[in-house]
Each structure stands twice: as structure tokens, then as C-alpha cells.
Amino acid sequence: MNLTLPVRPDRVFRLVLSLDAIATAATGLLFVGGANALEPWLGLQPALLRATGWSFVLFGMLIGWAARRASTPWAAFAAIVAGNAAYVAESLAVLALGWIVPTGLGTAAVIGLAAVVAVLAALEAAGLRRSSVLAAA
């Protein structure tokens, strides 16, 4: 597969990407703006929440950019799916390895967010498989 070949996302794929972009950026803004307020509830350090939040905002912007274009290189969509899958794996790993020790609510939030991201990654992977790869010009 030529990674630079443009892909034209179908309507459903574009909708899933748009939902992912909005949810990711909104969650990021919540983490950035509410880091201090969330710390006692989640048991996560404000610096971790802010860093995660800014990465979410930037990733949400990338997803939104890809969702709005008429066509985007296949590699960009693959990177979005891979980024979401990596987030899920990293979230579960930091909990399992004890690198973070959140409250019960914090643990539920990390696992819940990872589950939502896993569903989005699966839907986006399916959308990428369904979408039209445009012929090289």
C-alpha cells in the first residue's frame, strides 16, 4: 500500500472522525482547565492532566483537520487509528504497572476513557477499510 495515496472518507467515517475530534479536544480542554479541580477526585497529578490535555487538544485538531478534508493521505488516517490504539494500551499499562495510582473514580475514568477510545479506533479502522483510495494522479 502506498501510504501517500489519498483516501476519500465516506460519510460515516467522516462522522466518526468528527465525533472523535470534538470529544478528544473537549476532554483535553477539560483536563487543561480543570487539572487542579480534578486532582482530588481522580487522584491524578495536575501536571499529568495538563500534559495529557494539551496532547488531546493537538490530537483532536489533527483528527478534525483530517475529517474536514475531501481527501487525506492514507497514512494520516492510519496514524489516527494507531494513536488511538496506543492511547488505550498506554492507559491500561500505566494502571497495571502502578505508574499512576488514581482514586477509584480516577481508575474508572482512565478505563472508561480507554474503552471509548478503543471503540472509536475500531470504528475508524473499519471506516478506513471501507473508504475509497483515490488513484494516483
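Please treat every number below as a calculation from the coordinates, not as lab data. Just so it is clear, the structure is predicted and the values come from calculations on it, not from any experiment. Cβ: placed from backbone, ideal geometry, glycine included. Neighbour counts: every protein chain shown.
The amide H of residue 43, built 1.01 Å from its N in the peptide plane, has 103 as neighbours under 5 Å, considering only residues 5 or more places off or on other chains.
If you take the Cα centroid of segment 102-132 and the Cα centroid of segment 55-81, the two points sit 16 Å apart. Between residue 101 and residue 129, the distance separating the two model label sites (each 7 Å from Cα on the Cα→Cβ line) works out to 4.2 nm.
Rounded to the nearest Hz, the phi-derived 3J(HN,Hα) couplings of segment 90-97 under the Karplus curve 6.51 cos²θ - 1.76 cosθ + 1.60 (θ = phi - 60°) are 5, 4, 5, 5, 5, 6, 5, 8, where x marks glycine and proline. Converting phi to 3J(HN,Hα) with the Karplus coefficients 6.51, -1.76 and 1.60 and the offset θ = phi - 60°, segment 18-29 yields 5, 4, 4, 4, 5, 5, 5, 5, 5, 5, x, 5 Hz in sequence order, with x at every glycine or proline.
To the nearest 0.05, how large is the calculated FRET efficiency for residue 111 and residue 58 if R₀ is 25 Å and r is the Cβ-Cβ distance?
For R0 = 25 Å, the calculated efficiency reads 0.60.
The phi-based Karplus calculation (6.51 cos²θ - 1.76 cosθ + 1.60; θ = phi - 60°) puts the 3J(HN,Hα) values of segment 56-69 at 5, 4, 5, 5, x, 5, 4, 5, x, 4, 5, 5, 8, 7 Hz, whole numbers, x for Gly and Pro. With a simple spin-label model that places each label point 7 Å from the Cα along the Cα-to-Cβ direction, the separation between residue 93 and residue 5 comes to 3.1 nm.
Go ahead and estimate [θ] at 222 nm for the chain from helices alone: -39,500 (n - 2.57) per DSSP H run with n ≥ 4, summed, over the residue count, rounded to 500.
-27500 deg cm²/dmol
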